[in-house]
Amino acid sequence: MQTKNEKFIYSAFSGTFYSIPEKDFPLLNQGQIPLLNKPKQNCKKCFGRGHCGRDSNNFTFTVCNCIKKNIDFNLIKN
């Protein structure tokens, strides 16, 4: 459950979701994507996993469109 001052984060390197306090976001490294809300389980590409596969060149997960739609750009700008 997400509280008022926590943000969902998607890790492009591990392919997992987690939540952190919003004030700790500047401490994260690259590959951590802040989300407005968690993607739905009925996505036809990723089925709620957030990724469609893994890139063998740089070992990152290919981010699904449902994650791209839920990115919190206001938090990234600040």
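The values are calculated or read from the model by the stated rules, or taken from the named source; none is laboratory data. No experiment lies behind these values; they were computed from the predicted model shown. Note that we place each Cβ from the backbone using ideal geometry, even for glycine, and neighbour counts take in every protein chain shown.
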**Fill in**
How many residues of segment 18-49 are under 24 Å from N78 (Cα atoms) and either touching a Leu at 6+ places or on another chain (Cβ under 8 Å) or not aromatic (F, W, Y) (or both)? The answer is 21
**Request:** Answer yes or no as to whether L75 is touching a residue at least 60 places away in the same chain (Cβ under 8 Å) and at negative phi.
**Result:** yes
**Request:** Filter segment 21-78 for residues that are out of contact with any Pro (no Cβ under 8 Å at 6 or more places or on another chain) and acidic (D, E) and give the result.
**Result:** E22, D24, D55
**Complete:** For S14, the lone unmet condition from (1) among the hydroxyl-bearing types (S, T, Y); (2) modelled with pLDDT of 90 or more; (3) touching a Gly at 6+ places or on another chain (Cβ under 9 Å) is (2)
**Message:** Could you check segment 61-74 and list, in sequence order, the residues that are under 19 Å from E6 (Cβ atoms), out of contact with any Leu (no Cβ under 6 Å at 6 or more places or on another chain) and buried (at least 16 other Cβ atoms within 10 Å of the Cβ)?
**Reply:** I67
**Request:** Can you give me the number of residues within segment 6-21 that are aromatic (F, W, Y) and at positive phi?
**Result:** 0
**Prompt:** Counting residues that are exposed (fewer than 13 other Cβ atoms within 10 Å of the Cβ), which strands (runs of 3 or more DSSP E) fully inside segment 1-60 reach at least 1?
**Reply:** 17-21, 51-54
